[in-house]
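A.B. asks: Here you go, one structure.
The values are calculated or read from the model by the stated rules, or taken from the named source; none is laboratory data. Note that the structure is a prediction, hence the values are computed from the model and not measured. Neighbour counts are summed over all protein chains in view; Cβ atoms, including those assigned to glycine, are modelled from backbone coordinates with ideal geometry. What goes into the accessible areas is simple: the full protein's heavy atoms, side chains included, and nothing from ligands, DNA or RNA. Shrake-Rupley method; radii C 1.70, N 1.55, O 1.52, S 1.80 Å.
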Amino acid sequence: MQNLAGVGVSPGRVIGAVRHMPKPLAAPPAGQRLPEGTSAEEAVATLKAAALGVRDDLKSRAAAATGDAKAVLTATALMAADPMLLKSAAKLVAAGLSAERAIWEAGDTVAAMLQNLGGYMAERSADVLDVRARIVAALRGMPAPGIPSSAEPFILVAEDLAPADTATLDAEHVLGLVTSGGGPQSHTAILARALGLPAVVAAQGAGGLPDGGRVFLDGAAGTVTSSVGEEQVAAARAWQANSAALATFSGTGATADGHEVPLLANVGGAKDAAAAAAAGAQGVGLLRTEFCFLDRDTEPGHEEQVAAYAGVFAAFPGRKVVVRTLDAGADKPLPFLTDATEPNPALGVRGYRTDTTSPGVLQRQLAAIAAAAAGSDAEVWVMAPMISTPAEAADFAGMCAAAGLKTPGVMVEVPSAALTAESILQHVDFASLGTNDLTQYAMAADRQLGPLAALNNPWQPAVLQLVRLTVAGSHAQGGGKPVGVCGEAAADPALAVVLVGLGVSTLSMSPRSLGAVGAALASVTLADARRLAMVALASDTAAGAQAAVRAELPILSELGL
Ligand code: PEP
Ligand code: MG
């Protein structure tokens, strides 16, 4: 019997046969030379054609995808035609190596360079290695490496999934995901959540699960076991019976006694917004505008920006849409705003801070948001990411007023903003807690790293206290200024109840989570939620807080969550 413990990153319980990702492509032998009679020019041309073919394939898959999948595929497609990768391969071919061997070695060099840069750049090294394997497969005339096919739906087990693989996961054939690597904010985790696929990451020993063997995967608890008994079968049935219903939401988010908490969606563009509206979101609590322009090397023009924002507003006529200004930097670099050589990008010139290094971009973005808002029926609010001081909040509010935007707000995702929320809220109309960054900065734990997953947990007592303080800052001002949550914490049904108990007024999440959060909220009164918030605050540990709250929310096990 095998029991594995990892980090649960997407809830749901499933039973299925294990299928391992196929072994990676064999490396071309070291020193492999150009075949007799092939010139270096011919080999470079073949290599370029293969690389462009891979790029076009990824691009066309990006065109068919939405949201995170689209962003991941677009970024990987760019990597396939990366001039640095191709130039260093061409040099090696000129020195006599075969095209396959040359791209292989060039991939190693570029990946190692990215790895040395750390943080976001280090994560991109997996993209380079993925692209390299695809190019070699194309040169060999083989199908691209990737997810196995099987007549029966299965549980996919891998060391970590390449972004392009994750982005094309087919939820009909893959029941759940287990990786031995990866972190809570890895591509695998984010996309599994978006697809509603139960997933466990950082499960050491997953590689040893027998191929074809049946396992029970619990994506909330973060466990995988080969001991499948009646209890597991019942849990998986409960999830199966409820998962389709939980994928959408209808009506109004509210507690059992009618305290309304609008359930909003996090979106990255117009396609996402349309899907969110179809899933029953009551509005948009976070439009990540940087997601609209991840593939841009230069600042998007006014008309392009107006069209991107207007497309989102059109999905929510008469509803609230909170637009976040560009949050470039760290895990989301934009070449026209960020410096890729920063030694510590998460603590660098990121989000609102780029206004000091690239003056004008924010002002032009606000003008485009205002123009799109003027032509739409949506109720448009605007907020800045990475605000750290009351003075920054005041400056941002001034810029919004100058652009004609009536409802300025800030993200509270830096601990200093939570601690000074009372002063910050004197300058702006609302705050939105970004618990992903608030957790990484409060705990000094890179949100991308698997080994820090336990610290990077929004149930941590320090994070709950920062949420409490932010709400207290609003109350100190008469409580009139709304404080919402738009980090991943809002998508955890148990934590959502705690957040409401702490006094947050809206919850914004991936649309996939709306049904589960709505059901959890409807199962408690506001007084229950307040009591559960106290239960969570009383615990010394994240795990203790989570377990104590979950124990008092029977709806979760009824729904298989
Ligand atoms: C957050 O930090 O919680 C947040 C919502 O912003 P992002 O995940 O885009 O950094
Ligand atoms: Mg953030």
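A.B. asks: Any lysines with Cα under 29 Å of the residue 70 Cα? List them, leaving off those in the same chain fewer than 8 positions away.
C.D. replies: 23, 48, 59, 87, 271, 320, 332
A.B. asks: Also: So what is the accessible area of the stretch 217-322 per residue, in Å², with the probe set to 1.4 Å?
C.D. replies: For the stretch 217-322, the solvent-accessible area averages 41 Å² per residue.
A.B. asks: Same structure, new question: Ranked from highest to lowest mean number of other Cβ atoms within 10 Å per residue, what is the order of the peptides 258-268, 340-350, 510-520? Before the final figure, lay out each step's value.
C.D. replies: Working: 258-268: 22.5, 340-350: 15.6, 510-520: 25.2.
In descending order of packing, they fall as 510-520, 258-268, 340-350.
A.B. asks: PRE reach from residue 278 (point 7 Å along Cα→Cβ): which of the stretch 247-267 fall under 15 Å by backbone N?
C.D. replies: 247-249
A.B. asks: Please work out how much length the chain gains when fully extended from residue 2 to residue 95, using 0.36 nm per residue of separation minus the C-alpha to C-alpha distance, in nm with one decimal. Present the calculation step by step, with values, prior to reporting the outcome.
C.D. replies: On the way: separation 93, 0.36 × 93 = 33.48 nm, distance 5.02 nm.
Between residue 2 and residue 95, full extension yields an extra 28.5 nm.
A.B. asks: Could you tell me what % of all Cα pairs in the stretch 172-213 have separations over 13 Å?
C.D. replies: Beyond 13 Å sits 54 percent of the P(r) for the stretch 172-213.
A.B. asks: Gain in length, residue 228 to residue 63, computed as 0.36 nm per residue apart minus the alpha-carbon separation, to one decimal in nm?
C.D. replies: Result for the pair: 55.4 nm of gain on full extension.
A.B. asks: Quantify, in whole percent, the carbon and sulfur part of the accessible surface of the stretch 40-140 (1.4 Å probe; protein heavy atoms only).
C.D. replies: 61
A.B. asks: How many Å² of accessible area per residue for the stretch 332-491, probe 1.4 Å?
C.D. replies: 36
A.B. asks: Go through 103, 15 and list them by solvent-accessible area, largest first, probe radius 1.4 Å.
C.D. replies: 15, 103
A.B. asks: Okay, moving on. Roughly how many nanometres apart are two label points built 7 Å out from the Cα toward the Cβ at residue 465 and residue 45?
C.D. replies: It works out to 6.8 nm between the two label points.
A.B. asks: The stretch 420-561: percent of C-alpha pairs farther apart than 23 Å?
C.D. replies: 32
A.B. asks: With a 1.4 Å probe and all protein chains in place, put 422, 41, 105 in order of accessible area, largest first. Kindly include the intermediate steps, with their values, before the conclusion.
C.D. replies: Working: 422 90, 41 135, 105 50 Å².
I get 41, 422, 105, largest accessible area first.
A.B. asks: I'd like to know how the stretch 359-401 sits against the 2.2 N^0.38 Å rule of thumb: what's its Cα Rg over that expected value?
C.D. replies: That ratio works out to 1.23.
A.B. asks: Computed FRET efficiency, Cβ-Cβ of residue 389 and residue 557, R0 45 Å: what is it to the nearest 0.05? All intermediate terms of the calculation are to be shown ahead of the outcome.
C.D. replies: Working: r = 44 Å, r/R0 = 0.98.
So the FRET efficiency works out to roughly 0.55.
A.B. asks: May I ask you to give the average projected area over all directions of the convex hull of the Cα atoms of the chain, in nm² rounded to one decimal?
C.D. replies: It is 25.0 nm².
A.B. asks: With all protein chains present, calculate the accessible area of residue 140 using a 1.4 Å probe and round the result to the nearest 10 Å².
C.D. replies: 80
A.B. asks: Then there is this: Shape verdict for the stretch 273-414, please, from the Cα gyration tensor: rounded (a/c under 1.5), prolate (a/b greater than b/c) or oblate.
C.D. replies: prolate
A.B. asks: Report Rg (one decimal) and Dmax (nearest whole number) for the stretch 40-140, counting Cα atoms only, units Å.
C.D. replies: Over the stretch 40-140's Cα set, Rg and Dmax evaluate to 13.4, 43 Å.
A.B. asks: On full extension of the chain, what length is gained from residue 214 through residue 32, given 0.36 nm per residue of separation minus the C-alpha to C-alpha distance?
C.D. replies: Result: 61.3 nm gained on full extension.
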